[in-house]
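The values are calculated or read from the model by the stated rules, or taken from the named source; none is laboratory data. What you are looking at is a predicted structure, and each value in this text was computed from that prediction instead of being measured. As a convention, Cβ positions derive from the backbone with ideal geometry for all residues, glycine included, and neighbour counts pool all protein chains shown. Calculation scope for accessible area: heavy atoms of the full protein, side chains included, ligands and nucleic acids excluded. Shrake-Rupley method; radii C 1.70, N 1.55, O 1.52, S 1.80 Å.
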Amino acid sequence: MLLQQNFDTATRARGRIRIRTQDRRARNDPTVTIVLLVVIAGLMLILGLPVAKLIGAGFSEDGLAAMIAAITGNSVPLRNTILLGLLVGVVGTAIGFVCAYAQVFLDFRGKRILHWITLLPTISPPFAAATAIVTLFGKRGIVSYQLFGLELNVYGLPGLVMVLSLTFAPVAYMNIKGMFQNLDPSLFEAASTLGATQLRTLFIVTIPMVVPALLASFLVLFVEGIADLANPLVIGGDYRVLASQIYFAVAGSGDIASAAGIALVLLAPALSVFVVQKYWASRKSVITVTGKPTGVVQPVTSKRIVIPIGILAGAWSVFVVLVYSTIIVGGFVKILGVDNTLTLAHYEFVQRLGSTAIGTTLTMTLIAAPIAALTSVTIGWLVVRHLPRAGKVLDFVGMLGAAIPGTVLGLGFALAYSQPTWFLGVQVLPALAGGLAVGSGMIAIIMVYVARGVPTGQQASIAALAQINPQVEEAASSLGANAVTTFRKVTIPLVSGAVVTAITYAITKSMTTITAIIFITTPQTKVMTSQILDEVDAGRFGNAFAYSTILIGMVFVILIIATSLLQLLNRSQKGVRR
């Protein structure tokens, strides 16, 4: 025991010495200072200025009045928003748990198919699923009315919970599945040796060990649920939430100050949950890996587990396949469920009027993705290698791109960049958002894509760099390479997997986002998701399905390329290590 205490004390002392050395090295290296200033300037442009403008407008006289009214007056949208977030968090986490448990602990054919079906909603615009659900389960839906004769009303809270759970359950699935796979098989062997049945092991071993993943998933889904705007517009009906209140304040009456005040009300719970998830829940970790695993997880065979989990996972898979089959088939018939005559008219419409939107979306995405990946890897490099203390602030600011609801961030961009930017009486930037802005508003949309794409790549980079011995880079420094050269020639190749992850996520997120750019899209800069929403609003579901199918196909192709590239990088790195 005494030796262990001495060892721990020595380890902590070495850690403190290393942190002080890194801090001193960062202060003495001008290239690190320059890189840090560039990153701070970039974060100020994509996050700091929009949030500052939003806060300024929110605390104006009209903004304060709207804020107080949203909390103490007509608080129905606030209560609806919180209820929606809670239900989406619970239902989405439960779905993720069931699919992850089936994937890791059950033995059946088609596991890989279940995996891809569960992830399918991540590569499509959220409201595409909402449109399909209305077609399937609405008052004259194909399943509800034509098959069972029921006149269901999917508009409102039930439809929103269904769509948002479908959309965000893959996040919970990936979190929980990763933790299941890291559990030490000896835990289950010990439980079995002590006489516990597999059902009892599920409740006293498995679930308690993944509580951190369950809590983290719930919090993430809660934030996603309260922040979404597109689905409340498509399937919300009379169920008003804060996000839709912000939209109607801007689009309906042009009351920007009131919208900013309501946006701050929405921002408060989102940021609170983000702080809890990042700094409190992450500390509530459970040690699941104590070294090399002592075996493999034996499949669960108890019928009391296999049957309910199998039924739920199977039913969920059928539901997802049904929704996305509707999207694909709906693009090839006149009016799905009403006139099922085959036609290519919807794709001809997209080719005639939507090709510009497709090209513009792809161009902006391919510009934003490398910038987001480079920014995220640079932040990770600064946080892990050069600023272990001050880097926590940088890490927090970089993650705000994911913590701030898209509606709030988009409104902040509209406030910040619809007019030229002035500093100390000098114009430093022209107008970047709006139809009369430089680039017809394209620059502001790219900046939003970057802000939303940075957090995931940043976390992947920090995790990858933390696993690499710093002596590898120190060797380059001792040979005379400065910090930037070491970063370019040593660090980036070592975290190439994180770079690919960052680019892939940035592309996927950019091509499917709508909430964060809905206030800054312009007629001159058409975006695919905006076009889809317009078609849904006009009731032209066939055109919306055709747009969505093309968008899903494009994202799917990009994911295949990225996955192949990642596998190639992994093989080449293994070859180098040999």
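Quick look at the numbers
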| read-out | value |
| --- | --- |
| Solvent-accessible area, 1.4 Å probe, carbon plus sulfur percent, for the stretch 50-96 | 73 |
| Alpha-carbon centroids, the stretch 456-485 and the stretch 411-433: separation in whole Å | 36 |
| Cα gyration tensor shape for the stretch 117-197, rounded if a/c is under 1.5, else prolate or oblate | prolate |
| Listed pairs Lys111/Lys303; Lys334/Lys509; Lys177/Lys303; Lys139/Lys334 exceeding 24 Å between Cα atoms | Lys334/Lys509 |
| J(HN,Hα) series, the stretch 550-563, from Karplus relation 6.51 cos²θ - 1.76 cosθ + 1.60, nearest Hz, glycine and proline x | 4, 4, 4, x, 4, 5, 4, 4, 4, 5, 5, 4, 5, 4 |
| Nonlocal amide H pairs with Ser60, under 5 Å, H built at 1.01 Å | none |
| Residue-wise HN-Hα coupling along the stretch 262-274, computed from phi with Karplus coefficients 6.51, -1.76, 1.60 (Hz; x: Gly, Pro) | 5, 4, 5, 5, 6, 5, 4, x, 5, 5, 4, 5, 4 |
| Amide hydrogen neighbours beyond the local backbone of Lys334, cut-off 5 Å, H modeled | Thr341, Thr343 |
| Extended-chain gain in nm, criterion 0.36 nm per residue less alpha-carbon gap, Asn182 and Phe556 | 131.8 nm |
| Three-way shape call for the stretch 426-578 based on the alpha-carbon gyration tensor, with the a/c threshold at 1.5 | oblate |
| Three-way shape call for the stretch 389-445 based on the alpha-carbon gyration tensor, with the a/c threshold at 1.5 | oblate |
| Relative packing of 191-198, 132-139, which averages over residues the other C-beta atoms within 10 Å, highest first | 132-139, 191-198 |
| Computed over the chain, the ratio Rg/Rh where both radii use C-alpha atoms and Rh is Kirkwood | 0.98 |
| Protection proxy ranking of 315-322, 49-56 - average other beta-carbon atoms within 10 Å, highest first | 49-56, 315-322 |
| Vicinal HN-Hα couplings computed from phi for the stretch 130-147 (Karplus, 6.51 cos²θ - 1.76 cosθ + 1.60; Hz; Gly/Pro x) | 4, 5, 5, 5, 4, 5, 7, 10, x, 4, 10, x, 4, 7, 5, 9, 6, 8 |
| Percentage relative contact order, the chain, counting C-alpha pairs under 8 Å, at least six apart | 20 |
| Per-peptide average of other Cβ atoms within 10 Å, ordering 414-426, 36-48 highest first | 36-48, 414-426 |
| Counted charge near Gly310, where neighbours are those whose Cβ lies closer than 13 Å (Asp, Glu -1; Lys, Arg +1) | +3 |
| 5 angstrom amide H check on Leu429, placed H, neighbours 5+ away | Thr421 |
